[in-house]
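Structure record follows, encoded as C-alpha cells.
The values are calculated or read from the model by the stated rules, or taken from the named source; none is laboratory data. Being a predicted model, the structure only gives us computed values, none of them experimental. Neighbour counts are summed over all protein chains in view; Cβ atoms, including those assigned to glycine, are modelled from backbone coordinates with ideal geometry. Ligands, DNA and RNA are excluded from the accessible area calculation, which covers all protein heavy atoms including side chains. Shrake-Rupley method; radii C 1.70, N 1.55, O 1.52, S 1.80 Å.
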Amino acid sequence: ILLPVLLYPLLFLGHSWLQRASRESMAARQVVVGLDLQGAPAALAERLRERLALEQPIELVDVDASGVRAVASGVSEGLGESIDADLGAARALLAEGCDALVTAVPHPDLTQRTVLRVHHDGTSDLYNEASRRVRVVLDALQGSEAAELRELLLGSSDPGRGLDAEALDVASSEAAGGAALGRLLPLHSVLVVLSGGAFAALSAFAGERESQTLETLLVQPVPPAPVAWGKFVAVLLLALAALLSNGGSLMLSVASGLGELPGAAPGPDGSVVTLVPGLGRLGLGAIALLPAVVLLCALLCLVSARAQSFREGQHLILPLTLVAALPAAAAGWGDVELDPLTAIVPVFAQGLALREALLGRLPLALGSLSFLSGCVWSWLAMRHVGRLLDAERVLATEADERELELRGTQSRVAIAWGFAAVLLVYLIGGRLQAWRP
C-alpha cells in the first residue's frame, strides 16, 4: 500500500531524468562525419558543409569513398553483389574513425540530380546520433533546395497548393485524459487487485493451512462461515487499499506534471495532456469496476483455500492472473464497444464500463446492466466462500486420498487453463491483432 505512493513519482521522475540526461549527454558528444562529395555540384557541396558545421560538436573529414561510388548504379538496380560491395566499402571507411559517412552519387534516372547517401553502424548510440544529425541537415537542405527549384521553374514555391488543411481536436483536456486513462486503467486495476489481494488471500488461507493455525481457529465455538467471510472481507479491503493507493499515486503524479499518460495525444500547442478526469468520472468508474474487484477477491479466496502451501497457492494464482488479464486488456481497446452482449461478460464488462465512465459517455442502461451482471457473477463466486473452511476438508491429513485427488485434479486444471490462456493470447490474440491492430 505504501510502496506505490513513492513508486509512481519516482518512476516518472526517473524516466524523465534519464531521457533528459540521455539527450543532453548524447548532444554534447562530438561525432566524426566522413564526406565524399565529388559527385555533387560545388554549390550544393558547400551548402551541405556549412549546414553540417552548425551541428556542433561535429568534425568533418574528407574521405575517398570511390568503392561506394563505383557500385552506386548496381545498388540502385538492387544487385546483390553491388549491395554487398557497397556495405563492405562503407564498413571499411567507418572503421577508420568515422561515425557516419556521407557520399554523393548520380541519380539513377535524373542525370542532373544528385543522391546523398548516409552510411552508419546502427549498433552504437554514438553512430546513431551522428546519423541523426546528418539526416536533420539533409532534410532541411532538401526542403530548401526543392523550394528554390520550384520557384525557379514554376514561379512559386508550391503552385499546386490549394487549401491549407488544419486539424483541430475539440476534445477537452479532461476528455483526453480520460481517453488515455481508459486504455490503461482496466488492465492496471485488475493486476493491482490480484497482486494486492493475493498477499492477504494466501496468508489467510494457504499460509494458515501450511502453518497449521487453522485448526486452533476452527475448534472455537464459532461457525466456519463467518470466519471465512471475515477472511474474505480482509482480502477485499486490502485489494481496495492497494488499488486506491496505486491509482491515486498514478493520477496525482500525472496531474502534478511529473509524467505523461501513455498514448496521450499532444494538444494544439504541442504539449502533452497531463490532466486527469474529474472526481465525478473517477467516482463513476470506481463504482462500475467494484463488482469485478469483488469477483476477483472471491476467486483469490477460492484458489488460495484449495492450496496446501503458500507456494502452491502462488502457482494456482498465476493462471487466474492470465485469464483475468486478457479481458481486462481487451477492455482498453477503443474498437470494442459496450453493448448488451459484452455487458454480461465478467471483468470484461466492468473494464468497458470503467473506460466509458472515464470518457464521460457511459449510458445508464448499459452501465446498470454491466454493474448488475458483475454483481451476479460475484454472488455466484461468493456463495462458495462461506464453505471454504469446512473442518472435515481443511483438517484432513496430508495422507487423505480424497484431498490429494482433489488437489491433483485442480493442479492439472490450473495448468491446463494456464496453457490455454497463453495459447489464446499468442495464437488467437496475435492473429486478431494482426487483422485489426
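Quick notes
- Residues in region 355-370 that are hydroxyl-bearing (Ser, Thr, Tyr) and over 19 Å from residue 190 (Cβ atoms): 368 alone.
- Residue match in region 190-201 (condition: touching an Asp or Glu at 6+ places or on another chain (Cβ under 8 Å) and either over 29 Å from residue 356 (Cα atoms) or modelled with pLDDT under 85 (or both)): no
- Scanning region 48-70 for residues that are open to solvent by 30 Å² or more (accessible area, probe 1.4 Å) and closer than 24 Å to residue 112 by Cβ gives 49, 50, 51, 66, 69, 70.
- Against the conditions (1) open to solvent by less than 70 Å² (accessible area, probe 1.4 Å); (2) of a type outside the set (Val, Ile, Thr); (3) at pLDDT 85 or above, residue 116 satisfies every one except (3).
- If you go through region 1-47 and pick out every residue that is open to solvent by 70 Å² or more (accessible area, probe 1.4 Å), of a type in the set (Asp, Glu) and either over 23 Å from residue 121 (Cα atoms) or touching a Lys or Arg at 6+ places or on another chain (Cβ under 8 Å) (or both), you end up with 1.
- Of the helices (runs of 4 or more DSSP H) lying entirely inside region 381-437, those containing at least 3 residues that are open to solvent by 50 Å² or more (accessible area, probe 1.4 Å) and either within 27 Å of residue 214 (Cα to Cα) or modelled with pLDDT of 65 or more (or both) span 401-423, 429-435.
- Taken together, 303, 294 contain a single residue that is under 18 Å from residue 370 (Cα atoms) and either outside any helix (DSSP H, G or I) or of a type in the set (Val, Ile, Thr) (or both), which is 294.
- Considering residues of region 212-258 that are among the hydroxyl-bearing types (Ser, Thr, Tyr) and not in a helix (DSSP H, G or I) only, the residue farthest from the chain's Cα centre (by Cα): 213
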